[in-house]
Each structure stands twice: as structure tokens, then as C-alpha cells.
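Participant: Just passing along the structure, written as C-alpha cells.
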Amino acid sequence: MKNTIWVIYLLFLSSLSLAQDISLFEKHQAISQEQRFFKTYSLEDTIQISNELISYSEIFHQNLVDSLNAGKVLHGKQLTTFHEIGSYFIGINQRLNDFIKQDDSRVVTKAKLEQLNSFFRIYYPFYENDKFRRFINDEDLSFGITRFQIHNAIMSLLDKEKLQDLARNSRNQNQHYSDLIRFIKNESKINALVKNYKRLNRLDLKVDRNQDLAYNLSRDFGNTVGRVRWRKGYLWKNQAVLEEIYENLKPLDIITEKTYFALTDRFIPGHFGHNAIWLGTKDQLEEIGMWHHPAIIPYQEQIAEGKSIIEVDRSGSHLKTLKDFMNVDELAIIRVNRLSFSSINLERTYNILLAQLGKIYDFNFDVETTDTLVCSELIYQSFEEIFWPTEDYLGRTTISPDNVASLALYNNPPVDLVYYAAQKSKNDFKYKNLDDLASDVGFKKVGQLYKKTEKKCRRRGRRRICHEVLIDLEYSDHDLIPNLDLTW
């Protein structure tokens, strides 16, 4: 009965969003890379779309910069949305380039002004914020964005000769662009702006080189350590447990595991060492109306063969069978509960999730980067409406498998623990519960609630005195961010 209710609920969610002919990944490839998505749009249509993007972006980017200035970590919805904006910005400007090639001087001038207008409204007020600029210039192939693609597009718009020509030919344009025209006629301001943007780009490239060095060192270490395993997992080839887990798994369940026999687990903070997501079997995806969705279609053959798990490991993001995943000692299933799913668009979750396939491993372990992923970052970005806990580690913000699992212990949690099995020796199989999870990830049960334990220390003379503190953790959603839904 419970399974039937769950399927009906997911079917309802699936019906809330409009069916699309292409996946989110294919759509943004067409917008920002292949330059074909807006080919049928007239100049007026393109300007209308540009204005809708501007209206959305001005609010979103201001809130984003406010978060950055307040020292807040960007959540999944923010990470996906600023690259959606970037993709549309690129695609719209590419379409406006088509009009610039025409013979009608009024059309050409209007298209050029709208290109500049979109830049000055969407990016100009925020571009000198270092974190903002570096984020929007990150690569994210899920949305067709390459490294520094936004910066290069902006610098092309600020070409001195182009602006001088535009200033000469923009006298008869309407009041909509009057402030912009005054700005581009101020040659000293434009020159200073271009000079500053070039300087900022040199600084960003230097930051990139330092990050690349750290990445390469971490990758070499991780690949060396990752090869060290001294036995198979105790749940490996346990047919009874395998079948039991199959029976329990539902579409978009989060799987988390522990491997005591892997050296990498000794370097990952906390109890668990890895996360993955269950896409669903063919039958399950048919039940919830997703089997023929454009995001699923390219992977139907693999899913039909049993590859229903999507994960990120040192080899990158890929699909895997549950049987191959079972080389572990412990396995837990975390499920996004129905209360949380009411605010999650099922199609969008699958779209974002499957758009991550092909990305490489994030050896920098930075949750706010989008060009690379670790296992928990896959969850962080795909379930973008959930406010996942993070922590500072080695000078950057990370999300660990323990962070993901611990959310089930918060007050008013958006996820539930639905299964937990462990085997630490050949004859020591047992089922675990929420109390066990709390103990494993550093929480304590106080009455009916779970509280996180933290060690607080202070100096008294030469001595360091430490004591344990219990912290109440109440889950609350991040501020609602509407989906970027432009009129097509």
C-alpha cells in the first residue's frame, strides 16, 4: 500500500511540469554552444526574451552577491541558476549577432544596443565582486558553459572600435537605451572599465593556476591511496541483502556506504565514505512517468541492463549496477520525504542529475565549483531545493557523506532513513536504526531529539581544555528561488 501511494505521489509531481522535447542538457547545449535554439526568433522576440532574462537576473544576482558578502555558502539552486542565466545570456547574444550581420542599419544598431544592455543590466553591477565573477566564469558543461566564456563574451562587447561605431549610429534610438548610450559615449569610462576587467582576468587566471596545482597534487595522492584495498566488502555477494535492498529502493533514493577495508575511508572525515543516487529501474521509471523523458532516453539501454545507480568516484561520474556497488561493509538508504518533494520538480531533478554524467572528480573538494564533482556534490546540486549542511575543511567548503546522512537527524528533516544494514565481520550482520546512525555520525539522542556533538576547546595557561557541546539543529529551507522560465 505504501509503495502504491509513493508511486501515485511521484506521478502527480511529474504531471505538474510540462513535457519537453529535449533534456535540460541538450537544451543548453543548443543555446550556448550550437547557436541554434533561437534561430526562429525575430529581433523583437529576442529582445523580449532578453528583457525577461534581465528582470530575473537583476534580482537573482543581487541576492547572490548579498549572500556572498555575508559569507554564506551558495546552495545547489544558486549554483545551477547562475549558469542557466549564463547560458541564456550567451545564446541571446549569439542570436543578436545574426541581426548585426544584416544590411538594415537600424536593425544592426538596435541589436548591438540590446547586447550591451543585457551585459550592463545582468553582469556589470556585480562583476568586480571576485567570488561572483569567478563563479559565473567557471565551467559547467551541464549548461553548455566553458571556462571564461562569459568573460570573453563581455570583452567582445566592449571592443573599442565597435563601441565607437555604435556611439556614432545610435542617435535616433528610443529612450529605452538613453542611459546606455550616454555611457558608451564616455570613452574614458569605457577604457577604464576594459583595463580593469583585463586586470581582474589576470588575477582570476593566477587563482586558477594555484587551484590547478592543488588539484593535481590531491589527484595524485587520491589515486595512489584509492588503489589500496585489502579485502572485499562483507556485503559483497550477499544475495539476501542484495534482494532486500532492491525491494527497498525507490526512484531518487540516496545510497550511502562504508568500506572499512579501503584506505580512502581513513582520509574522509566522518563515518561514511561514499554517496550515490538510485535512478530507478525501467519498471519504476515507467510507473512515475519518467522512462520516456528526454533526460532518461540516452541511458535507457544502460538502465535496462541494471545500471540504475549514478555515482561519482575517482574515475568521474557514471552509471553502475547495484550488484557492483555492493562491495561495501555498510549501506544505508536515505529518502527525500514527501513533504520535501512537494516543492521539488521531479523532471528538473532528473534533468540536473543526468546532466552531471561525464564530469570529472573534484579533487579540490569544493562544493561551490561546478566543473568537477565529488559524490556528495552530485546530491548537493541535483536536489537543489534542499538546504544541505556543509562544513569547512582544508580551507574550502565541502559536503561529506556524513553531512548528507546527518540531515535525517535534524528536527523537521527533509529526508528519512529507510534502511541501514552493516556487517563488520563474516558472522556479524545486523540492521541499524536512527539511533545507530546518530552514534555513527557524531550525534547524541536527548529525549526524542538528536543533537550534534562538537568539541570546544580553550587555552588555560599552557593547557588546552576541551569539553563536549550539544547543538540543536533545526532544518529550514533556503529562500525560494523561482525556476528560470522564459517565454518560448
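Participant: If a residue counts only when it is more than 29 Å from the chain's Cα centre (by Cα) and free of Cβ contacts under 8 Å to residues at least 24 places away in the same chain, which strands (runs of 3 or more DSSP E) contained entirely in the stretch 416-488 have at least 3 such residues?
Facilitator: In the stretch 416-488, the matching strands (runs of 3 or more DSSP E) lie at 449-460, 463-471.
Participant: Within the stretch 10-47, how many residues turn out to be surrounded by fewer than 14 Cβ atoms within 10 Å (Cβ to Cβ), modelled with pLDDT of 70 or more and in contact with an Asp or Glu (Cβ under 9 Å, 6 or more places away or on another chain)?
Facilitator: 1
Participant: Quick one: how many residues across the stretch 109-131 are touching a residue at least 60 places away in the same chain (Cβ under 8 Å) and closer than 25 Å to TYR177 by Cβ?
Facilitator: Matching residues across the stretch 109-131 total 16.
Participant: Considering only residues that are within 17 Å of GLU243 (Cα to Cα) and modelled with pLDDT under 95, which ones fall in the stretch 294-305?
Facilitator: none
Participant: Within the stretch 106-115, identify whether any single residue is touching a Lys or Arg at 6+ places or on another chain (Cβ under 7 Å), charged (D, E, K, R) and modelled with pLDDT under 90, and answer yes or no.
Facilitator: No, every residue in the stretch 106-115 fails to be touching a Lys or Arg at 6+ places or on another chain (Cβ under 7 Å), charged (D, E, K, R) and modelled with pLDDT under 90.
Participant: Against the condition outside the structural domain of THR390 (by TED's automatic domain parsing), charged (D, E, K, R) and under 21 Å from SER406 (Cβ atoms), how does LYS432 come out, does it pass?
Facilitator: no
Participant: Could you pull out the residue among ASN210, ASN196, ASN191 that is within 26 Å of TYR88 (Cα to Cα), not in a loop (DSSP other than H, G, I, E, B) and not assigned by TED's automatic domain parsing to the domain that holds LYS359?
Facilitator: ASN196
Participant: Determine which single condition ASP140 fails, assuming it passes every other condition in (1) at pLDDT below 90; (2) within 17 Å of LYS195 (Cα to Cα).
Facilitator: Condition not satisfied by ASP140: (2).
Participant: Moving to a separate point now. Which of the residues spanning the stretch 114-140 are more than 23 Å from ARG95 (Cβ to Cβ) and assigned to a helix (DSSP H, G or I)?
Facilitator: ASP130, LYS131, PHE132, ARG133, ARG134, PHE135
Participant: With respect to PHE126, is the statement that it is modelled with pLDDT of 90 or more, aromatic (Phe, Trp, Tyr) and over 21 Å from THR46 (Cβ atoms) true?
Facilitator: The answer is yes for PHE126.
Participant: Looking at LEU346, LEU331, LEU319, which is the one that is closer than 21 Å to GLN381 by Cα and modelled with pLDDT of 90 or more?
Facilitator: Result: LEU319 is the single residue among LEU346, LEU331, LEU319 that is closer than 21 Å to GLN381 by Cα and modelled with pLDDT of 90 or more.
Participant: Another question, if that's okay. Run VAL367 past the list (1) in contact with an Asp or Glu (Cβ under 9 Å, 6 or more places away or on another chain); (2) in a strand (DSSP E or B); (3) not small (Gly, Ala, Ser) and report the number of the one that doesn't hold.
Facilitator: In the conditions (1) in contact with an Asp or Glu (Cβ under 9 Å, 6 or more places away or on another chain); (2) in a strand (DSSP E or B); (3) not small (Gly, Ala, Ser), VAL367 misses (2) alone.
Participant: Further, regarding this structure: Restricting the search to the stretch 75-105, which residues are at pLDDT 90 or above and outside any helix (DSSP H, G or I)?
Facilitator: Across the stretch 75-105, the qualifying residue is only HIS75.
Participant: Just one of the numbered conditions (1) within 19 Å of ASN93 (Cα to Cα); (2) surrounded by 14 or more Cβ atoms within 10 Å (Cβ to Cβ); (3) of a type outside the set (Asp, Glu) is not true of LYS160; which one?
Facilitator: Only one criterion in (1) within 19 Å of ASN93 (Cα to Cα); (2) surrounded by 14 or more Cβ atoms within 10 Å (Cβ to Cβ); (3) of a type outside the set (Asp, Glu) is unmet by LYS160, namely (2).
Participant: Given the options HIS151, HIS176, name the one that is outside any loop (DSSP other than H, G, I, E, B) and closer than 22 Å to ASP371 by Cα.
Facilitator: Going through HIS151, HIS176 in turn, the sole match is HIS151.
Participant: Right, ASP324: more than 29 Å from THR81 (Cβ to Cβ) and either modelled with pLDDT of 90 or more or polar (S, T, N, Q) (or both) or not?
Facilitator: So ASP324 passes the test.
Participant: In the stretch 270-313, what residues are assigned to a helix (DSSP H, G or I) and either of a type in the set (Lys, Arg) or not assigned by TED's automatic domain parsing to the domain that holds THR370 (or both)?
Facilitator: Result: LYS282, single match.
Participant: Answer yes or no: is there a residue in the stretch 406-415 that is among the hydroxyl-bearing types (Ser, Thr, Tyr), farther than 25 Å from PHE325 by Cα and in contact with a helix residue (DSSP H, G or I) (Cβ under 7 Å, 6 or more places away or on another chain).
Facilitator: Scanning the stretch 406-415, I find no residue that is among the hydroxyl-bearing types (Ser, Thr, Tyr), farther than 25 Å from PHE325 by Cα and in contact with a helix residue (DSSP H, G or I) (Cβ under 7 Å, 6 or more places away or on another chain), so the answer is no.
Participant: Could you list, in sequence order, all residues of the stretch 85-110 that are buried (at least 23 other Cβ atoms within 10 Å of the Cβ) and in contact with a Leu (Cβ under 6 Å, 6 or more places away or on another chain)?
Facilitator: TYR88 - this is the single residue of the stretch 85-110 that is buried (at least 23 other Cβ atoms within 10 Å of the Cβ) and in contact with a Leu (Cβ under 6 Å, 6 or more places away or on another chain).
The values are calculated or read from the model by the stated rules, or taken from the named source; none is laboratory data. The structure displayed is predicted, hence computed values, not measured ones. In this analysis, Cβ positions are derived from the backbone assuming ideal geometry, glycine residues included, and neighbour counts consider all displayed protein chains.
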